[in-house]
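Please read the structure below before turning to the comments.
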Amino acid sequence: MDKTTSFPMRYSAYVISIVGFLVSLVLSLHYSAGYFFPVIFGALALLGTHDVLQKRHTISRNYPIMVHFRYLFESIGPEIRQYFIQSDNDEQPFSRDQRALIYQRAKDVLDKRPFGSQLKMYEEGFEWINHSLQPSKIPNSNFRVQIGSRCAKPYSASVFNISAMSFGSLSANAILSLNTGAKQGGFYHDTGEGSISRYHRQPGGDLVWEIGSGYFGCRNKDGSFSPEMFERNATLEQVKMIEIKLSQGAKPGHGGILPGAKVTPEIAEARGVSVGEDCISPAQHSAFSTPIELLEFIDQLRELSGGKPVGFKMAIGHPWEWFAIVKAMLDTGRKPDFIVIDGGEGGTGAAPLEFINRIGTPMTQALLLVHNTLVGTNLREHIAIGAAGKITSAFNIARTLALGADWCNAARGYMFSLGCIQALNCHTGRCPSGVATQDPRRSHKLDVKDKSQRVYNYHKNTLDALQNLLEASGLNHPGELGPEHIVRRVSKTEVHSYIDLFPFLAPGALLEGKTGLAVFDKYWSDSRPDTFAPPEFIRELRETKLR
């Protein structure tokens, strides 16, 4: 191959820097003109020399100095797309319109829009709620649902609450603001698996204590479950329910670790670990290993808590594992008081890309499976269902309740109400809004008095909007919402209500073997209450490619 003899233009910035440094240095020395230009050109020349001599990045060696413009634009690419390129309705992961609605409701300012909808109503996937010619009149928007009616201490929960976000993931001021807003608005604040911190307790708002596989706040030194420590926290008046985290939508089937360098005295105090010690959440629980043992653990926690509702949160994965839990309920008569379904679109927990994008059933299908299974086994009236997964508006709540949920939780929606700008820096500690960081120089700028009021406003105004939707639909309570009320466009010329679009089982249908649905026909009969193991035919398939 012939070698080129022309000067590569890609080196021009480097050469100009060297020449500029030499010329400006001579002129400065000769005319005593100061050293501003020699310093600037000299710094650039040193940067270019480093680029040429280093061997790690080929592009830097080929494009000295100039390559750093690429790095700069690459680093601010998300911000450029978010503010200048994306349309108002591009959801990546939340659209500008979605965020604007939350900001407006949190600030208690006008959320009305002029000139009609900007949504594309004739595109596949567009959804709406049907209205009535006989609108209702609802006294107020304080919609609640009773959880744990057979418990000694049942809980009346709002239909819209704060989903699990731990202290450690969120800053102290963010936790204080969320719990203060929850207390003012009478809704609950899920602690996340990082347990109950001083910042959860200080405002006094209702708490749902989430217990993960690390048993933070109720663990022995070896990481195993401690009944004594659990009882101490669970009997706090502020704790209204106990939630066992089996999996979460952001990273189902995955454990986690908070490096020891990030375990501050306050985090160590809340989690029951040592300062500077790695905080490990295993991928699975050690207190139980079978469906029956899970239900026994639930009964143990209910007793230790003094009769408070106990349930579990899960993202749906292998259907036979969920069926095994239900069969254990049928065989033993033991039942959770509630189940929270976390959709695969969950995202407050930082996770590997494949887990965020490709693992975990999305909320709609997960909720349908759980609701149908409980209805089909005559268990639904005994177990309340909560759901979470990109729920930010009154319509999101309405469609989720129509699919079978009793109430909804939101994480990122409440983060937006705190001032989150979707900078996507949650995992770096450099959150610009002071929400998802432990850097006091950032988090202390988050004003608790102002932000807690915004949390309260967002909850109230969203439920006020839900009240308006229900009244327009001729309904009197969110519990009346059903699949017949929500309509989805499936093509340019065809629409279906949820009741026609999705399958809904009749009570007891699964016990009678009359479902007509492949997931039940294939996996239900072979699922066992004493194990999470796959059915025999699945195990056999794993041993061969001959399918």
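Observations, loosely collected:
- Here the Karplus relation 6.51 cos²θ - 1.76 cosθ + 1.60, evaluated at θ = phi - 60°, turns the backbone of segment 259-267 into coupling constants of x, x, 4, 9, 8, 7, x, 5, 5 Hz, with x for every Gly and Pro.
- Directionally averaged shadow of segment 196-309, computed from the convex hull of its alpha-carbon atoms, nm²: 7.1 nm²
- Compactness ratio for the chain: Cα radius of gyration over 2.2 N^0.38 Å (N = residue count) comes to 1.15.
- According to the Kirkwood relation over distinct C-alpha pairs, the hydrodynamic radius of segment 115-243 is 17.3 Å.
- Residue-level accessible surface for MET415, protein heavy atoms, 1.4 Å, Å²: 10 Å²
- For segment 226-243, backbone phi angles converted through the Karplus equation (6.51, -1.76, 1.60; θ = phi - 60°) give residue-by-residue couplings of 10, x, 5, 5, 4, 4, 4, 7, 5, 8, 4, 4, 5, 7, 9, 8, 10, 10 Hz, Gly and Pro being listed as x.
- Here segment 430-547 is treated with +1 on each Lys and Arg Cβ and -1 on each Asp and Glu Cβ, and its dipole about the Cα centre works out to around 900 debye.
- Coarse-grained scattering of segment 380-421 at q = 0.14, 0.22, 0.23 Å⁻¹, given as base-10 log I(q)/I(0) from a Debye sum over alpha-carbon atoms: -0.35, -0.70, -0.74
- Cross-link table LYS262/LYS390; LYS153/LYS335; LYS112/LYS460, entries beyond 22 Å C-alpha to C-alpha: LYS262/LYS390
- Estimated inter-spin distance, ASN142 and ARG232, nm [label 7 Å along Cα→Cβ]: 3.6 nm
- Cleavage-rule hits (GluC sites (Glu not before Pro)) in segment 160-246: DSSP loop, at most 14 neighbouring Cβ within 10 angstrom: GLU237
- When the trypsin sites (Lys or Arg not before Pro) in segment 191-283 are filtered for DSSP coil states and for at most 13 other beta-carbon atoms within 10 Å of their beta-carbon, the remaining sites are LYS221.
- The calculated 222 nm mean residue ellipticity attributable to helices in the chain amounts to -11500 deg cm²/dmol, summing -39500 (n - 2.57) over DSSP H runs of n ≥ 4 and dividing by all residues.
- Principal axis dimensions, largest first and in whole angstrom, of segment 436-490 by Cα: 51, 28, 16
- Fraction of accessible area attributable to carbon and sulfur, the chain (%, probe 1.4 Å): 56 percent
- Take the chain with all the other protein chains still there, run a 1.4 Å probe, and you get 49 Å² of accessible area per residue.
- Sorted from greatest to least, the principal axis extents spanned by the alpha carbons of segment 87-157 come out as 51, 34, 30 Å.
- Solvent-accessible area of PHE143 with every protein chain in place, 1.4 Å probe, in Å² to the nearest 10: 10 Å²
- Coarse-grained scattering of segment 411-450 at q = 0.14, 0.34 Å⁻¹, given as base-10 log I(q)/I(0) from a Debye sum over alpha-carbon atoms: -0.25, -1.25
The values are calculated or read from the model by the stated rules, or taken from the named source; none is laboratory data. These numbers were taken from a predicted model, which means no experiment stands behind them. In this analysis, Cβ positions are derived from the backbone assuming ideal geometry, glycine residues included, and neighbour counts consider all displayed protein chains. What goes into the accessible areas is simple: the full protein's heavy atoms, side chains included, and nothing from ligands, DNA or RNA. Shrake-Rupley method; radii C 1.70, N 1.55, O 1.52, S 1.80 Å.
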